Amino acid sequence: MDRERLLTFLHDYRAGRADDAEALLFLRDFPYEELDFAKLDHHRALRQGFPEVVFCPGKTPDQIEEICARLLAAGGPGLLATRADEAAAEAVTRAAPDAVYHRTARLVAVDRAARPRAGRVGVVSAGTADIPVAEEAAVVAETLGFRTDRIYDVGVAGLHRLLAHLDRLCEADVLIVVAGMEGALASVVGGLVPGPVVAVPTSVGYGASFDGVAALLAMLNSCAAGLAVVNIDNGFGAAWLAARILTRDN
């Protein structure tokens with residue numbers, strides 16, 4: 001249930017266009033709806049501006065379909081289902097025919113936002129192998145209503161590739177930097193730009209990268225001020241943090 005839908009109903013109730021029975025029906029599943037296998041947080045759209053996001057692994061296709069159908073029925077600007085394989089994507093599409101499956105990002109999005117939000121999110125990847133995580137961040141940011149600028153394959157092994165896009169990097173209100181291996185790109189970008197940087201370590205790399213732990217520790221120990229770090233491969237969390245930064249005063 002989003003803010004606009006709730007305000008519209010409250011105005012109708014105050015004006016006498018809705019009675020007590022309709023009010024009780026409208027608020028029946030507020031703030032959450034209990035299913036046999038899930039408790040759906042319909043209040044989240046009011047708190048955070050977007051409905052509860054569905055994490056697909058561990059859920060059956062039938063569970064995913066029902067969760068998505070119930071979330072969409074409650075209203076709001078859209079829906080996100082993350083880490084979705086083909087079966088999960090088909091389940092979301094059954095609940096929402098306008099859903100779009102972003103295979104690279106492993107994400108299904110339903111975008112019903114009425115208007116874009118102010119702010120630009122830059123998404124930077126160190127290598128081509130980091131693009132799936134970067135795309136998760138970019139698609140989430142777009143579904144939340146923000147303009148995005150993708151700058152991919154600009155890692156520190158060829159620093160001139162990054163510097164060629166310095167103007168675009170500095171124009172972003174928030175930058176999400178996605179890097180595996182040793183994770184150095186986040187520190188480099190953090191030292192070049194005026195805005196906040198959200199660093200995302202990826203599990204890309206050889207043995208001593210320890211599936212992203214090396215990049216995670218490098219980013220956590222960055223000497224670049226104004227840089228925050230999310231979990232390994234967590235493009236979704238990076239985009240959500242960027243959205244919080246950009247909408248805090250709105």
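The values are calculated or read from the model by the stated rules, or taken from the named source; none is laboratory data. Just so it is clear, the model here is predicted, and its values are computed rather than measured. We place every Cβ from the backbone using ideal geometry, glycine too, and count neighbours over all the protein chains shown.
Give all pairs with beta carbons closer than 6 Å in which a residue from the stretch 47-67 that is outside the structural domain of Ala243 (by TED's automatic domain parsing) and under 15 Å from Ala84 (Cβ atoms) meets a residue that is basic (Lys, Arg) and in a loop (DSSP other than H, G, I, E, B); count only pairs at least 6 apart in sequence or on separate chains.
Cys56/Arg83; Pro57/Arg83
Take Val92 and decide whether it is surrounded by fewer than 17 Cβ atoms within 10 Å (Cβ to Cβ), in the same structural domain as Phe55 (by TED's automatic domain parsing), over 28 Å from Met219 (Cα atoms) and in contact with a strand residue (DSSP E or B) (Cβ under 6 Å, 6 or more places away or on another chain).
no
If a residue has to be out of contact with any Pro (no Cβ under 8 Å at 6 or more places or on another chain), assigned to a loop (DSSP other than H, G, I, E, B) and surrounded by fewer than 17 Cβ atoms within 10 Å (Cβ to Cβ) to count, how many in the stretch 95-109 make the cut? Give the derivation first.
First, the residues of the stretch 95-109 that are out of contact with any Pro (no Cβ under 8 Å at 6 or more places or on another chain): 95-103, 107-109.
Filter once more, so that each one left must be assigned to a loop (DSSP other than H, G, I, E, B): 96-99, 103.
Add one more test, that the residue is surrounded by fewer than 17 Cβ atoms within 10 Å (Cβ to Cβ), and what stays is 97-98, 103.
Total meeting the criteria: 3.
Looking at the stretch 218-232 only, could you name the residues that are touching a residue at least 12 places away in the same chain (Cβ under 8 Å) and not polar (S, T, N, Q)?
Result: Ala218, Met219, Cys223, Ala224, Ala225, Gly226, Leu227, Ala228, Val229, Val230, Ile232.
From the residues in the stretch 87-118 that are within 18 Å of the chain's Cα centre (by Cα) and of a type in the set (Lys, Arg), which one is farthest from Gly76 (Cα to Cα)?
Checking each candidate, the answer is Arg103.
List pairs: first in the stretch 87-100 and within 18 Å of Val139 (Cβ to Cβ), second hydroxyl-bearing (Ser, Thr, Tyr) and assigned to a strand (DSSP E or B), Cβ under 7 Å, 6+ apart or cross-chain?
Cβ pairs passing all conditions: Ala89/Tyr101.
Within the stretch 27-60, take every residue that is surrounded by fewer than 17 Cβ atoms within 10 Å (Cβ to Cβ) and modelled with pLDDT of 90 or more and give me the one that is nearest to Val140 (Cα to Cα).
Filtering first and then ranking leaves Phe55.
Can you tell me how many residues in the stretch 209-231 are of a type in the set (A, V, I, L, M, F, W, C) and either in contact with a strand residue (DSSP E or B) (Cβ under 7 Å, 6 or more places away or on another chain) or buried (at least 16 other Cβ atoms within 10 Å of the Cβ) (or both)?
Residues in the stretch 209-231 being of a type in the set (A, V, I, L, M, F, W, C) and either in contact with a strand residue (DSSP E or B) (Cβ under 7 Å, 6 or more places away or on another chain) or buried (at least 16 other Cβ atoms within 10 Å of the Cβ) (or both): 11 in total.
Are any of the residues in the stretch 147-168 crowded, with 21+ Cβ neighbours inside 10 Å and touching a residue at least 40 places away in the same chain (Cβ under 8 Å)?
no
Which of the residues belonging to the stretch 183-198 are buried (at least 19 other Cβ atoms within 10 Å of the Cβ) and closer than 17 Å to Ala129 by Cβ?
Gly183, Leu185, Ala186
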